[in-house]
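Take a look at the structure set out below.
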Amino acid sequence: MGHAFQHTVMDALIRHKRMSGCNTLWQAGTDHAGIATQMVVERQLIGEGKTRHDLGRDDFIDRVWKWKAESGSTITKQLRRSGASMDWSRERFTMDEGLSKAVTEVFVQLYKEDLIYRGKRLVNWDPVLHTAVSDLEVNSEEENGSLWSFKYPLVDNKDKHIIVATTRPETMLGDSAVAVHPEDERYRHLIGKFVHLPMTDRQIPVIADSYVDPEFGTGCVKITPAHDFNDYDVGKRHDLPLINIFTEDARINENAPERYQGMNRFDARKIIVEDMKCAGLLEEIKPHKLMVPRGDRTNAVIEPYLTDQWYVKAEPLAKPARDAVEDGRIKFIPSNWDKTYFEWMRNIEDWCISRQIWWGHRIPAWYDADGNVYVGRNEAEVRAENNLGDEIPLEQDNDVLDTWFSSALWPFSTLGWPENTPELETFYPTSVLVTGFDIIFFWVARMIMMGMKFMDGEVPFKEVYIHGLVRDSDGQKMSKSKGNVLDPLDLIDGIDLDALVKKRTTGLMQPQMAPKIEQNTQKHFPEGISAFGTDAMRFTFASLATTGRDIAFDVGRIEGYRNFCNKLWNAARFVMSNISEGETFDEITLGAADKWIISKLETVKKEVEISFGNYRIDLASHAIYDFIWSEYCDWYIELSKTVIYNSVDRKRIAGTKHTLINMLETILRLLHPFMPFITEEIWQKAGKIAGKSGDTIMLQQYPVYEEVNLDEEATKEIEWLKTFLLGIRRIRGEMNISPGKPLQIILKNASNDDKALVEANKTNLLKLGKIDDITMLKDGEQAPESAIAIVGEMEILVPMAGLIDKESEIARIKKEMEKLQKDLDKSKTKLGNPNFVDKAPETVVNKEKERVAEMESSLSILTQQLKRIEKI
C-alpha cells in the first residue's frame with residue numbers, strides 16, 4: 001500500500017509536468033535488496049534440503065538471478081497496473097552492468113582518498129543471517145525482562161564488593177571495567193581500584209565516566225566494550241580492551257572460561273546466574289522492561305558484535321550535504337523534516353558498508369597470503385598497480401556492499417556515470433525526490449552525500465517531498481500479524497472472502513494468530529473486497545496525500561471514488577451522445593450557464609496549479625472532484641438539457657454543445673494525472689470531437705489558468721439560480737414532498753433584479769425545480785401558510801395546503817424522532833462510561849462523539865420541521 005500510494009503521488013507529479021511541457025524523466029528502478037533476496041532464495045534451497053554452501057558461490061548467484069527475473073517482472077507488472085508512466089526503456093537495477101561499474105568506481109575513488117577503510121568495530125550482528133545489518137533492519141520494541149544485580153569483590157578487600165546491575169548477565173564474561181559517575185560520593189573512593197570479575201580469573205578497574213546515571217540501579221555499571229554500543233564509546237575514552245566473547249552464531253567462544261564455551265548466549269545466561277547465586281554473588285533479581293533489538297527478517301535478538309568491516313568516513317561527505325540543506329539548495333517539503341535530517345547528519349558516525357552475504361556487489365579488494373589488502377577495479381588492475389606477478393596468489397574479499405551503497409548512487413549512476421553522457425548532462429540534478437520519512441537518513445542523506453561528492457558539488461535533487469505512512473482506517477499500522485494488510489491489486493481486481501482470509505493467514509510468523517485474523521477479516525469484509533479499479537484507488541491515495549505523517553485508508557472512501565468514475569463516465573456518454581464527431585460550431589451564443597461554467601473552471605485551474613506547486617496533491621484532487629461532480633455534472637449538464645431540449649435558438653444550442661464538449665475535454669486533461677485510464681479512454685473519442693489532435697491525452701497540454709475567461713455577472717446569476725433551486729429541494733426534503741410533485745411558488749420581497757433573474761431563468765426554474773408556476777406576492781396581500789426558503793432578501797414561499805397529509809407526516813416525524821432519541825441516549829450512555837472512553841481506541845471514541853453530534857443536529861431539524869407542519 002505504501003508503494004502504491006507513493007507511486008500515485010510520483011505519477012501525478014510527472015504527468016502534470018509532462019503535460020505542462022517539461023522535459024521529464026521518471027526512471028523505473030529496483031535495488032537488489034541483498035539480505036532480503038538472499039533469504040528468500042536460501043529458504044527455497046532449505047525446502048529442497050540444500051544450503052547455499054552446497055551450491056557454491058557462483059551457482060548460488062545464478063539461482064538468485066533466476067529468482068530476480070520472476071520477482072522483478074511481478075514488481076514491474078504491479079507498477080504498470082497502477083498506471084505508473086515511467087520511461088520503461090530506461091529501467092535500471094542496481095546490479096546491472098552499468099550501475100555495478102559505477103559502484104566499483106565510487107568504492108575505488110573513496111578508498112584512494114582515504115574515505116573508505118577497513119577496521120574492527122561494533123556492528124548490529126544478526127546471528128541467524130551471520131551478517132552485519134543496518135539500523136533500518138533492526139526493530140526495537142519494549143519487552144519484559146529482568147534486572148540482575150551482582151556483587152563484584154574488591155581486589156584489595158575481598159570482604160567488600162561493588163554491586164552492578166545488568167539486563168544481560170552473559171556479557172559479564174567480556175567486561176573490561178566497572179564505571180561510576182565521577183561526582184557520585186558513594187563510589188569516589190573506589191575510582192582507580194580493581195575488582196575481581198566473577199567466574200573469570202581477570203581483574204578489571206573501577207573508572208569514572210559521566211555516561212553513568214547515578215539514579216539507575218546501584219549507580220555502578222559494568223562496561224563491556226565489545227558487546228554494547230554505549231560501552232564501546234566508554235571503552236574508547238578509557239582505552240579499555242575489547243573482549244569479544246561470542247561466535248558468529250552468538251555462542252560463547254574461547255575468550256570466555258571453558259565452562260561456558262559453546263553455549264548459546266541464553267543458555268549461558270541461565271548457567272551464569274545460577275553460578276553467581278551458588279557463589280553468593282547474586283544480590284537480587286527484579287522484573288524489568290527493556291528495549292530489545294530484533295532483526296526485521298529473522299526476529300532474532302540482534303547482538304552488538306566486534307568484527308572486521310569496511311567503513312565510509314562519513315563526516316567529510318556529510319558537511320557539504322548539511323550545507324546544501326542549510327543554504328536552501330535542497331528543500332524538504334514539509335519543511336519540518338529538515339530537522340530530522342539535521343539531527344542525523346550532525347551526529348553522523350562512520351558508515352559500515354560491508355555485509356557477510358553473497359548476493360550483492362562484491363567488495364573490490366584482494367588479499368595476499370600475508371593479509372595485505374589491495375583495492376582496484378579488477379584483479380588485473382590490482383596486480384598492475386602494485387607490481388604483483390601472476391605467481392602471487394590473491395583472494396578477493398568475500399563480503400558484499402550494503403544495498404544502500406549502490407542505492408546512494410542512483411541519481412547519477414542510472415544516467416551513465418562515470419561516463420559524461422547526454423542523459424547526465426540533461427537530467428542531473430533532478431528536480432524532486434518523493435519518499436517516506438523513514439529513510440531520510442538511510443537513502444536521502446546518502447544520495448546527497450554521494451551526489452555532491454562525485455558530481456562536482458552539484459546537489460542530486462532540489463526538493464524532497466516527504467510523505468506519510470499508509471495505515472488502516474483506525475489509524476493502525478498495517479501488518480500481517482494484525483490481519484489488516486491490504487493488497488493494492490485486490491483493491492483493483494477484487495477478491496472474495498475465502499481468498500482474502502487465505503491470503504492473510506498464510507505464512508504467518510505467529511500461526512496462532514490465524515483464527516483472530518480470520519475473525520477480523522470476516523467482520524470488516526464479510527463479502528470480500530469489491531473490484532474498484534486502478535483509477536478509484538489512485539484517486540483515493542491522491543485525496544489522502546496531505547503533508548501529515550499518517551494516511552488512514554478507508555475502503556469506504558475508495559467506493560465513493562469508484563462512484564465518481566461512474567459519474568464521469570455517464571456525463572461523458574451524455575455529452576458525446578448529443579454531439580457527433582465532425583459537428584462544427586462556427587456561430588455560437590453563450591448563455592449565462594455557459595459563461596459561468598467556463599469561469600468556474602478557471603478558478604479550479606488556478607487552485608490546482610497552486611496546489612501542485614505546493615505538493616498538495618490532496619487539495620488539487622479535491623478541487624477537481626468538487627468541480628466535476630458538483631458544478632459540471634450536477635449543475636451544468638442539467639442546465640444544458642433545458643437549452644438542448646427546449647431552446648429554438650440554434651446559436652444558443654451550438655454554444656451549449658460547444659461548451660459541453662470543450663469543458664469535458666479540459667476536465668479530462670485536468671483529471672488525467674490522477675485517473676489516467678478512464679481519462680485516456682474517454683479522451684480518445686471526446687478529444688476528436690473537441691478538435692484535438694494527438695495519439696494520447698498524456699502528451700496534451702495541461703489546462704492553464706486564463707483570467708480573461710472569468711465572468712462575474714454570469715457567476716452571480718447562476719449562483720442565484722442554484723440558491724433558488726436548492727431552497728426548493730430543501731423544502732421538498734424537509735416536508736417529504738415527492739421530487740416529481742409540481743409546486744406552486746410565491747415570491748415575497750422580490751427586487752427588480754430578482755424579477756429580471758426569474759424571467760431570464762424561468763425555463764430552468766420550471767424544469768429543474770419541477771415548478772408549475774411562479775407568482776409574485778402583491779403589496780398588502782396575505783401569504784398562505786407556507787414553507788420558506790431565502791435567496792438574499794427574497795423569500796420563496798411554497799404553500800403547504802394540499803401538498804402533504806398533515807396527520808401522517810406528523811406521525812412519521814414523531815416516530816423518526818423517537819428512534820433518534822433512543823439511539824442518542826444509547827450513545828450518550830456509552831460516552832458516559834469510563835471503561836469505554838478510557839479503553840477504546842481514540843478513533844472509535846471520536847466516531848461515537850461525531851455520531852452524537854449528528855443525531856442531535858438531526859433531532860433539532862426534525863423538531864423545527866414538526867413545528868412548521870403543525871401550523872398548517
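Do we find that M10 is out of contact with any Asp or Glu (no Cβ under 9 Å at 6 or more places or on another chain) and open to solvent by less than 40 Å² (accessible area, probe 1.4 Å) in this structure? Walk me through it before giving the result.
On the way: out of contact with any Asp or Glu (no Cβ under 9 Å at 6 or more places or on another chain): yes; open to solvent by less than 40 Å² (accessible area, probe 1.4 Å): yes.
Yes; evaluated as a whole, the condition is true for this residue.
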Tally the residues that are aliphatic (A, V, I, L, M) and either open to solvent by 10 Å² or more (accessible area, probe 1.4 Å) or farther than 28 Å from K289 by Cα (or both), restricting the search to the stretch 166-182. 0
Would you pick out the residues in the stretch 843-867 that are open to solvent by 50 Å² or more (accessible area, probe 1.4 Å), in contact with a helix residue (DSSP H, G or I) (Cβ under 8 Å, 6 or more places away or on another chain) and of a type in the set (D, E, K, R)? K849, R851, E856
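Residues are listed down the side, and each one gets a yes or a no for (1) within 22 Å of I272 (Cβ to Cβ); (2) part of a strand (DSSP E or B); (3) in contact (Cβ under 8 Å) with a residue 12 or more places away in the chain:
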| residue | (1), (2), (3) |
| --- | --- |
| I162 | yes, yes, yes |
| E170 | yes, no, yes |
| R186 | no, no, yes |
| G192 | no, no, yes |
| P205 | yes, yes, yes |
| P214 | no, no, yes |
| Y232 | yes, no, yes |
Positions within the stretch 59-112 being assigned to a strand (DSSP E or B) and either under 13 Å from F405 (Cα atoms) or touching a residue at least 12 places away in the same chain (Cβ under 8 Å) (or both), in sequence order: D87, W88, R90, E91, R92, F93
Determine, yes or no, whether E349 is open to solvent by 50 Å² or more (accessible area, probe 1.4 Å) and over 30 Å from G613 (Cα atoms). yes
Kindly check whether there is at least one residue in the stretch 484-506 that is polar (S, T, N, Q), within 20 Å of the chain's Cα centre (by Cα) and open to solvent by less than 60 Å² (accessible area, probe 1.4 Å). yes
Taking the criterion of being closer than 21 Å to V123 by Cα and basic (K, R), would at least one residue in the stretch 319-332 satisfy it? no
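Look through the stretch 113-124, keep the residues that are assigned to a loop (DSSP other than H, G, I, E, B) and in contact (Cβ under 8 Å) with a residue 24 or more places away in the chain, and return whichever of them is least open to solvent (accessible area, probe 1.4 Å).
Of the residues in the stretch 113-124, the ones assigned to a loop (DSSP other than H, G, I, E, B) are 113-115.
Among the residues that remain, those that are also in contact (Cβ under 8 Å) with a residue 24 or more places away in the chain are: 114-115.
Values: D114: 86, L115: 19 Å².
So the residue we want is L115.
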Can you work out which of the residues in the stretch 324-341 that are hydrophobic (A, V, I, L, M, F, W, C) and in contact with an Asp or Glu (Cβ under 8 Å, 6 or more places away or on another chain) is farthest from Y117 (Cα to Cα)? I333
If the Cβ limit is 7 Å and pairs must be 6+ apart or interchain, which residue in the stretch 726-747 that is free of Cβ contacts under 8 Å to residues at least 40 places away in the same chain pairs with which residue that is among the hydrophobic types (A, V, I, L, M, F, W, C)? P742/I771
Failed criterion for Q821 (all others in (1) polar (S, T, N, Q); (2) in contact (Cβ under 8 Å) with a residue 40 or more places away in the chain; (3) more than 30 Å from I551 (Cβ to Cβ); (4) open to solvent by 40 Å² or more (accessible area, probe 1.4 Å) hold): (2)
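Residue by residue through the stretch 201-235, note down the ones that are of a type in the set (V, I, T) and touching a strand residue (DSSP E or B) at 6+ places or on another chain (Cβ under 6 Å).
Restricting attention to the stretch 201-235, the residues satisfying the condition of being of a type in the set (V, I, T) are 204, 206-207, 212, 218, 221, 223-224, 234.
I204, V206, I207, V212, T218, V221, I223, V234 - these are the residues of the stretch 201-235 that are of a type in the set (V, I, T) and touching a strand residue (DSSP E or B) at 6+ places or on another chain (Cβ under 6 Å).
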Quick one: which strands (runs of 3 or more DSSP E) lie wholly within the stretch 246-346 and hold at least 2 residues that are open to solvent by 80 Å² or more (accessible area, probe 1.4 Å)? 282-295
Answer yes or no as to whether L766 is hydrophobic (A, V, I, L, M, F, W, C), without any contact (Cβ under 8 Å) to a residue 12 or more places away in the chain and not in a strand (DSSP E or B). yes
Only one residue in S630, S621 is among the polar types (S, T, N, Q), modelled with pLDDT of 95 or more and crowded, with 22+ Cβ neighbours inside 10 Å. Which one? S621
Log entry, pairs with first residue in the stretch 379-390 being farther than 16 Å from Q109 by Cα and touching a residue at least 24 places away in the same chain (Cβ under 8 Å), second being among the hydrophobic types (A, V, I, L, M, F, W, C) and part of a loop (DSSP other than H, G, I, E, B), beta carbons closer than 7 Å, six or more apart or on different chains, reads none
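Which is surrounded by 18 or more Cβ atoms within 10 Å (Cβ to Cβ) and not aliphatic (A, V, I, L, M), of R57, R80, R90, R52? Let's see the steps before the verdict.
On the way: R57 fails: surrounded by 18 or more Cβ atoms within 10 Å (Cβ to Cβ); R80 fails: surrounded by 18 or more Cβ atoms within 10 Å (Cβ to Cβ); R90 fails: surrounded by 18 or more Cβ atoms within 10 Å (Cβ to Cβ).
Exactly one of R57, R80, R90, R52 is surrounded by 18 or more Cβ atoms within 10 Å (Cβ to Cβ) and not aliphatic (A, V, I, L, M), namely R52.
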Examine the stretch 316-323 for a residue that is under 30 Å from M449 (Cα atoms), among the basic types (K, R), in contact with an Asp or Glu (Cβ under 7 Å, 6 or more places away or on another chain) and modelled with pLDDT of 95 or more, and state whether such a residue exists. no
Could you pull out the residue among T666, T679 that is touching a residue at least 12 places away in the same chain (Cβ under 8 Å) and within 27 Å of L768 (Cα to Cα)? T666
Report, ordered by the first and then the second residue, all pairs with beta carbons closer than 7 Å, sequence separation of six or more or different chains, a first member in the stretch 357-375 that is within 28 Å of T51 (Cβ to Cβ), and a second member that is among the acidic types (D, E) and crowded, with 22+ Cβ neighbours inside 10 Å. I363/D399
Determine if the stretch 201-208 includes at least one residue that is on the phi > 0 side of the Ramachandran plot and not small (G, A, S). no
Are any residues in the stretch 380-403 closer than 28 Å to L129 by Cβ and not aliphatic (A, V, I, L, M), and if so, which ones? E395, Q396, D397, N398, D399, D402, T403
Go through the stretch 817-863 and count every residue that is at pLDDT below 80 and under 30 Å from L803 (Cα atoms). 1
Could you tell me whether any residue of the stretch 278-301 is more than 27 Å from T224 (Cα to Cα) and without any contact (Cβ under 8 Å) to a residue 24 or more places away in the chain? no
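Got at least one residue in the stretch 582-604 being of a type in the set (K, R), crowded, with 19+ Cβ neighbours inside 10 Å and more than 24 Å from L13 (Cα to Cα)? Even if it seems obvious, please write down each step before you answer.
Our first condition is that a residue be of a type in the set (K, R); within the stretch 582-604, this holds for 595, 600.
From what's left, crowded, with 19+ Cβ neighbours inside 10 Å: 595, 600.
Next, only the ones that are more than 24 Å from L13 (Cα to Cα) stay: 595.
Scanning the stretch 582-604 turns up at least one residue that is of a type in the set (K, R), crowded, with 19+ Cβ neighbours inside 10 Å and more than 24 Å from L13 (Cα to Cα).
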Of (1) surrounded by 13 or more Cβ atoms within 10 Å (Cβ to Cβ); (2) in contact with a helix residue (DSSP H, G or I) (Cβ under 9 Å, 6 or more places away or on another chain); (3) not in a helix (DSSP H, G or I), S738 satisfies every one except (1)
Residues (within 38 Å of the chain's Cα centre (by Cα) and either under 26 Å from A756 (Cβ atoms) or in contact (Cβ under 8 Å) with a residue 60 or more places away in the chain (or both)) located in the stretch 684-709: K685, A686, M698, L699, Q700, Q701, Y702, P703, V704, Y705, E706, E707
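The values are calculated or read from the model by the stated rules, or taken from the named source; none is laboratory data. All figures in this text were calculated on a predicted structure; none of them were measured in a lab. Note that we place each Cβ from the backbone using ideal geometry, even for glycine, and neighbour counts take in every protein chain shown. Heavy atoms of the whole protein, side chains included, go into the accessibility calculation; ligands, DNA and RNA do not. Shrake-Rupley method; radii C 1.70, N 1.55, O 1.52, S 1.80 Å.
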